[in-house]
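S.K.: The structure that follows is given in the form of structure tokens.
The values are calculated or read from the model by the stated rules, or taken from the named source; none is laboratory data. Values in this document were obtained by computation on a predicted structure and should not be read as measured data. Positions of Cβ are backbone-derived with ideal geometry, glycine not excepted, and every protein chain shown enters the neighbour counts.
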Amino acid sequence: MADVPTITVTALCLVDDRGRLLLVRKRGTSLFMQPGGKPEPGETPAETGTRELSEELGLAVRPADLTLLGTWRGPAANEADTLLVATVFLCPLTAEPLPAAEIEELAWLDLGGAAGRRDLAPLLTDYVVPLLLGSRNA
């Protein structure tokens, strides 16, 4: 797998008071995913997450406000034959998110309704939703 292009990102899980997960769809794509993105030089994953949250949704949080859920590897949602390495954080929802930058659409996902949906990124269906459902049922 050394020849496969790799994208490294930070992804954020924002859950509302009804237990729904915030999803975004970027302009020119068809799959929903968590907000987040690629690091700039010298950024930690948490710093990347807070910067991306501000740019994409107008939300302000500090790196210390994020809780690490894990780092996963899998297929990239919007780039064929590309490996995604995603560090995923739970993030407090500090205000109403507003789409900005490359975000075309926001959606709230009822975690129990994710099964069978074809418009969700693999990171969500393979790792994030099962983890969040498991912690909710624990």
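S.K.: Can you list residue pairs whose Cβ atoms sit under 9 Å apart, with the first residue in region 44-69 being in contact (Cβ under 8 Å) with a residue 60 or more places away in the chain and the second being of a type in the set (Val, Ile, Thr)? Count only pairs 6 or more apart in sequence or on different chains.
M.R.: 69/87; 69/88; 69/128
S.K.: Another question, if that's okay. Confirm whether residue 123 is part of a strand (DSSP E or B) and either in contact (Cβ under 8 Å) with a residue 24 or more places away in the chain or crowded, with 17+ Cβ neighbours inside 10 Å (or both).
M.R.: no
S.K.: For region 32-52, what are the residues that are part of a helix (DSSP H, G or I) and over 14 Å from residue 67 (Cα atoms)?
M.R.: Correct list: 51, 52.
S.K.: Which residues, taken from region 76-103, are aliphatic (A, V, I, L, M) and part of a loop (DSSP other than H, G, I, E, B)?
M.R.: 76, 77, 80, 93, 95, 98, 100, 101 - these are the residues of region 76-103 that are aliphatic (A, V, I, L, M) and part of a loop (DSSP other than H, G, I, E, B).
S.K.: Looking at residue 113, is it under 18 Å from residue 132 (Cβ atoms) and either without any contact (Cβ under 8 Å) to a residue 60 or more places away in the chain or exposed (fewer than 14 other Cβ atoms within 10 Å of the Cβ) (or both)?
M.R.: When the stated conditions are applied, residue 113 passes them.
S.K.: How many of the residues in region 119-138 are more than 24 Å from residue 5 (Cβ to Cβ) and not polar (S, T, N, Q)?
M.R.: Matching residues across region 119-138 total 8.
S.K.: Can residue 102 be described as surrounded by fewer than 16 Cβ atoms within 10 Å (Cβ to Cβ) and modelled with pLDDT of 95 or more?
M.R.: When the stated conditions are applied, residue 102 does not pass them.
S.K.: For region 70-91, what are the residues that are surrounded by 13 or more Cβ atoms within 10 Å (Cβ to Cβ), within 13 Å of the chain's Cα centre (by Cα) and in contact (Cβ under 8 Å) with a residue 40 or more places away in the chain?
M.R.: Selection gives 72, 76, 77, 84, 85, 86, 87, 88, 89, 90, 91.
S.K.: Next question. Which of the following residues is of a type outside the set (Phe, Trp, Tyr), at pLDDT 95 or above and within 20 Å of residue 126 (Cβ to Cβ): 97, 41, 75, 45?
M.R.: 45
S.K.: All but one of (1) buried (at least 16 other Cβ atoms within 10 Å of the Cβ); (2) in a helix (DSSP H, G or I); (3) in contact with a strand residue (DSSP E or B) (Cβ under 6 Å, 6 or more places away or on another chain) hold for residue 129; state the number of the condition that does not hold.
M.R.: (3)
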